[in-house]
Amino acid sequence: MRAYESVIGLEVHVELKTNSKIFCHSSTAFGGKQNTHVCPVCLGLPGSLPVLNRQVVEYGIRVALALNCSVARFCKFDRKHYFYPDLPKNYQISQYDLPLSYDGYLDFETDDGCTHQCGIVRVHMEEDAGKLIHREEVGESPAYALVDYNRTGVPLLEIVSEPDIRSAEEARAYLTELKTVVQYTGVSDCKMEEGSLRCDANVSVRPRGSKELGVKTEIKNLNSFRAVHRALDYEIERQIALCKEGRRIVQETRSWDEAKGVTAPMRGKEEAHDYRYFPDPDLVPLVISPSWIESVRRDLPEPPDARRRRYQEQYGLSVYNARVLTGSRETAEYFEECVRLYSRPKTVANWVMGDLTRLLNAEQVEIQDCRVRPAQLAALMRLIDDGTISGKIAKVILEEMFASGKDPETVIREKDLVQITDAGAISGLIEEVLAGHPGPVADYRQGKGKALGFLVGQVMKATKGKANPAMVNDLLKQKLDEGK
Amino acid sequence: MRFNDLTAHELRGLLLRRETSAVEICRSVFDLLAAVEGEIQAYITLDRAGALAKAETVDRDLRDGRELPPLAGIPFAIKDNMCTKGVLTTCGSRILRNFVPPYNATVVERLNAQRVVMIGKTNLDEFAMGSSTEHSSFFTTRNPWDTARVPGGSSGGSAAAVAAGSAVCALGSDTGGSIRQPAALCGVVGMKPTYGLVSRYGLVAFASSLDQIGPFTRDFTDCALVLNAICGHDERDSTSAPGELGDFTDFLVDDVRGMRIGMPQEYLSGGLDEGVRRIVLEAASVFEQRGAYVEETSLPHTDYALPTYYLIAPAEASSNLARYDGVRYGCRLENSTDVIDMFRLSRSRGFGAEVKRRIMLGTYALSAGYYDAYYLKALKVRTLIRRDFEEAFEKFDLLLAPTTPEPAFPIGDKTEDPIKMYLSDIYTLAVNLAGLPGVSLPGGFLNRLPIGIQLIGKPFGEGALLRAGYTFQQSTGHHLKRPRIRGEA
Amino acid sequence: MLTKSQVEHVALLARLYLDDEEKERYTTQLTKILEYARNLDELNTSDVPPTAHVLPLQNVFRQDVVGPHLPAEEAIGNSPEQEDGFFKVPRVL
């Protein structure tokens, strides 16, 4: 066991997928031309005023409940001041001393199968900032930056964990479970690569057994799950090395450099932070009634951990399969819809996790956008059961369904893929194959069992794979044995 | 024809009887402006072409026999801290000297719906911070009654325009007295409505929890008409009061019998000019003669209003003014080494001394370690000040007080000592802290300078103010006197 | 009593530059105003709730509907410097 342990807390920002921004009617749509999704309010024009989007509160309560938080009866918005060109008012509307919710927890499992629980300090609402594009110095013309305010005012939830996380692996597992839980509530895409899920980490180390916290650093610029894992591993080792050398750890903000694989101090801020929070006088307090909370709770979908347990108990799935199939709400819902239409869950699980996932990954398609709908996949599985097609042909058909969105029956008809189960027809083909391959036939009859496989293959080839493989096998054996 | 002494409701009579036209009224205002504006300097921006075009459409509809809203064709001035789409809106500040808003303030839209004729945008102390217009980045407006004296502020341009006749009605904003104090010093009616009655959307914020827009008029009938036009819920302002409003002209009743009027003793002592005090007492006896019941009362925390105000207002202002950084609008100073340098250069050169003083004060009051001692403490004392008024209004329908401690003071008299300047608002700022309606009306004259008296009402008690003010003006003639301005025909 | 270095720190927080004369003046004036503000300490407010809003309003919402955006030329029309529809600023450290 190592002499030092690390103490990690994560601050996660999740972008909410409302139609309009948190305090104005501008669109939240991703990818518009620069500065076209803006209005006087989100541009911070003189005289403009914020009005709260009710859906943001609704979404916030959903996430708070999914993370087992207490929802505040009374909360308010505060202004957090710092000057930065991507912040149009030079303050961010956020929540300070009376956040939307507090005191929650999240259970998660690491890859070694151990379960952990991490406390959630708070979940609060705030507005996003805009985007800066930095341009380097070129010859005589100095460096400059360009600002796009389309993202300004997009609603965010900030989810702050307790410092309950003890390793980079735990941090990755916590974040994975958090993403799944939030996605299940349907309020965010949680795509790290698009910035709709962002993570900053606070990390310190201390001698194992010590109750005191060490000096912490804050790590920013963590743009993927892998980055979170690698950056924390690096930073923990760096801090432990400093401790061992008896050197001081400086409290600072450090940035993860993905290419170099190191964290480095961010260029020094000009002054210590003094955000000068005070209640935003342009907004009025928010009072959340128990009945509002209950109505949100009623509409919450079954959470992923409950669903995982149910898949194991009700469908008899393995822990692994249950975990994969509940990995996203969309996958779970797809799976359950298939099971509703086709009552052998394990078969469904194999198809969804196997061939379908392979196709989705290859084409980079989300399951909710998949052209093969659950009813079509169920139909395909029934066609195997009733002998219309073989399992092998079914894989070919699924590929065609995936590409075209056609029903399996249509694909079978169009491609003439109905299984050949006519014994007479198969026998005729067998005769031809035996006549054309005297060598293997002789081998088989001399006891070389392997030759049978070759001959079955030849028959299947002659039928373009459509012959019922079991029948081919039986009939071929019969014929060969007759001639012994 | 000379229109400059007439009120909006009188001009409407002339328009409906076809004795004049909106264009004729508009021209006469610009003729007067040509004569007196050099002396008074009420306006930062004039919009002659826009005004005449608007007046022509009113005349066309009059000729066609169309029904027109009550303020159609009336020349209006708008304080230059309210956004007017396509028309320069400077806030009296260098930092916004080239700002042309792409949108209209809600009050501007509501006046447009009334078909008023906007003459121009009036001068103010920079970002409405001041009591004299001497803190305007551009020039000082002169008091039409004595051009060596200030018109008051911050809405000094609007008050002077209505007093001089270069607008019939005007809008101002009042954060600590910025409508009532200049109304008093210029001899016109100026009302600050209850916080939340008029939308703040498009009013460039100074101190958001105190700011309120209100009218300058010559009499109470016009005051009620403008309130009808601009009041009412606005979904773009979260602090806008909900609910339907009645017709404010219903309160124009020449009768105060049975009305209970309190006179806070704290407002009649201390630094109050003896002549002003006498005028307030005379007003009290006018109300008594008309059948009101007048009695002294007490607002025990009055002395704390000024320090409370000078913590809350600068704190909010330091936050509201953070957005002026030279990125999205306004002026930027070139040759900066980086963006922080650009921010600091632009703000240092763009803001005037008073604005910087308040930004510094407010930033300090909100900063780590001082928040509880200053800002939070002030919010608590604000509660005590509110409670004083609540208790007084258990016994009284309205309160009578002076508006200012003295008449208009000479230009330059108080610019060196900020606290001396802040004391000009000593009788008005508690009303903002409590969110109450208050109105200043001409109560008499001292050495040919107008003196204002102030009526303070319960929340949403504008009706009582209109009734008392209307009755007072039916009983006295102070509001009918007009200044003589050099250059005027 | 405010010190000159406090005034300098506040000026940095507020993103202002002050020349020596201004530093002197603001140190004196702010000290005077803040001393005046300490008059409030005469009042015991331990049981008094703060007034952040004078109106007893709560739960003011708008519906989640997309409204009109500013035309691009109006959105950036007031900016001192622009490039290709972006607001342009000096380098950000």
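The values are calculated or read from the model by the stated rules, or taken from the named source; none is laboratory data. Computed from a predicted structure; not experimentally measured. Counting neighbours? That spans all protein chains shown, and the Cβs are built from the backbone with ideal geometry, glycine included. Just the protein is used for accessible areas: all its heavy atoms, side chains included, with ligands, DNA and RNA removed. Shrake-Rupley method; radii C 1.70, N 1.55, O 1.52, S 1.80 Å.
Overview of results
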{"quantity": "Size descriptor, Kirkwood hydrodynamic radius, that averages inverse alpha-carbon separations across region A:32-115, Å", "calculated": "15.9"}
{"quantity": "Delta accessible area of at least 30 Å² on complex formation, residues of region B:179-204, 1.4 Å probe, chain isolated as reference", "calculated": "B:Tyr195, B:Arg200, B:Tyr201"}
{"quantity": "Protein accessible area in region A:4-292, 1.4 Å probe - carbon and sulfur %", "calculated": "48"}
{"quantity": "For region A:423-482: accessible area per residue (Å², 1.4 Å)", "calculated": "54"}
{"quantity": "Shape call, region A:246-373: gyration tensor on alpha carbons, a/c limit 1.5", "calculated": "oblate"}
{"quantity": "Accessible area buried between chains C and B, both sides summed, probe 1.4 Å, in Å² to nearest 100", "calculated": "5500"}
{"quantity": "With every protein chain in place, region A:423-482: carbon and sulfur % of accessible area (1.4 Å)", "calculated": "56"}
{"quantity": "Cross-link pairs beyond the 21 Å C-alpha cut-off, checked among A:Lys17/A:Lys80; A:Lys89/C:Lys4; B:Lys414/C:Lys32", "calculated": "A:Lys17/A:Lys80; A:Lys89/C:Lys4"}
{"quantity": "Summed residue charge, Cβ within 9 Å of A:Arg54's Cβ, Lys/Arg positive, Asp/Glu negative", "calculated": "-1"}
{"quantity": "Between region B:365-407 and region B:242-258, the Cα center-to-center distance that results, in Å", "calculated": "27"}
{"quantity": "Segment A:Val418-A:Lys244, length gained on full extension (0.36 nm per residue, minus Cα span)", "calculated": "55.5 nm"}
{"quantity": "Separation of the B:Arg387 and A:Asn361 label points, Cα + 7 Å toward Cβ, nm", "calculated": "6.9"}
{"quantity": "Probe 1.4 Å, protein heavy atoms only - accessible area per residue of region A:302-415 in square angstrom", "calculated": "50"}
{"quantity": "Along chain B, longest interval not containing exposed GluC sites (Glu not before Pro), exposed being DSSP loop plus at most 16 other Cβ atoms within 10 Å", "calculated": "B:68-234"}
{"quantity": "Chain B, accessible surface, carbon-and-sulfur percent (1.4 angstrom probe)", "calculated": "47"}
{"quantity": "Global form of the protein assembly as shown, assessed from the alpha-carbon gyration tensor, a/c cut-off 1.5", "calculated": "prolate"}
{"quantity": "Computed E for A:Glu294/B:Leu245 - FRET, C-beta separation, R0 41 angstrom, nearest 0.05", "calculated": "0.70"}
{"quantity": "Size of the B/A contact, given as accessible area buried on both chains, probe 1.4 Å, in Å²", "calculated": "2800"}
{"quantity": "Rounded accessible area per residue of region C:40-93, 1.4 Å, Å²", "calculated": "54"}
{"quantity": "Listing of region A:281-303 residues, each with accessible area lower by at least 10 Å² in the full protein assembly than in the chain alone (probe 1.4 Å)", "calculated": "A:Pro281, A:Asp282, A:Leu283, A:Val284, A:Pro285, A:Leu286, A:Val287, A:Trp292"}
{"quantity": "Segment A:Tyr320-A:Glu432, length gained on full extension (0.36 nm per residue, minus Cα span)", "calculated": "35.6 nm"}
{"quantity": "Neighbour net charge for A:Met401 - beta-carbon separation under 9 angstrom, K R +1, D E -1", "calculated": "-1"}
{"quantity": "Backbone N within region C:1-29 under 16 Å of label point (7 Å from B:Asp338 Cα along the Cβ vector)", "calculated": "C:12-13, C:15-16"}
{"quantity": "R0 of 25 Å, Cβ-Cβ distance A:Lys450-A:Val396: FRET efficiency to nearest 0.05", "calculated": "0.40"}
{"quantity": "Distance from region A:250-324 to region B:416-489 (C-alpha centre basis), Å", "calculated": "55"}
{"quantity": "Cα gyration tensor, region A:232-320 - rounded (a/c under 1.5), prolate or oblate", "calculated": "oblate"}
{"quantity": "Long-range HN-HN contacts of A:Ser101 with modeled amide H, under 5 Å", "calculated": "A:Ala72, A:Val123"}
{"quantity": "Spacing of the two label points (7 Å from each Cα toward its C-beta) at A:Glu169 and C:Glu73, in nm", "calculated": "6.2"}
{"quantity": "Between region A:1-48 and region A:423-484, the alpha-carbon center distance in angstrom", "calculated": "66"}
{"quantity": "Probe 1.4 Å - accessible area at C:Lys4, Å² to nearest ten", "calculated": "90"}
{"quantity": "Where A meets C: accessible area buried, both sides, 1.4 Å probe, Å²", "calculated": "3800"}
{"quantity": "Positive-end extreme of charge dipole, region B:114-183 - chosen from B:Ala159, B:Gly120, B:Phe138 (charges on Cβ)", "calculated": "B:Gly120"}
{"quantity": "Out-of-range pairs (alpha-carbon distance over 32 Å; input A:Lys33/A:Lys406; B:Lys458/C:Lys23; A:Lys179/A:Lys216; A:Lys191/A:Lys406; A:Lys21/A:Lys406)", "calculated": "A:Lys33/A:Lys406; B:Lys458/C:Lys23; A:Lys21/A:Lys406"}
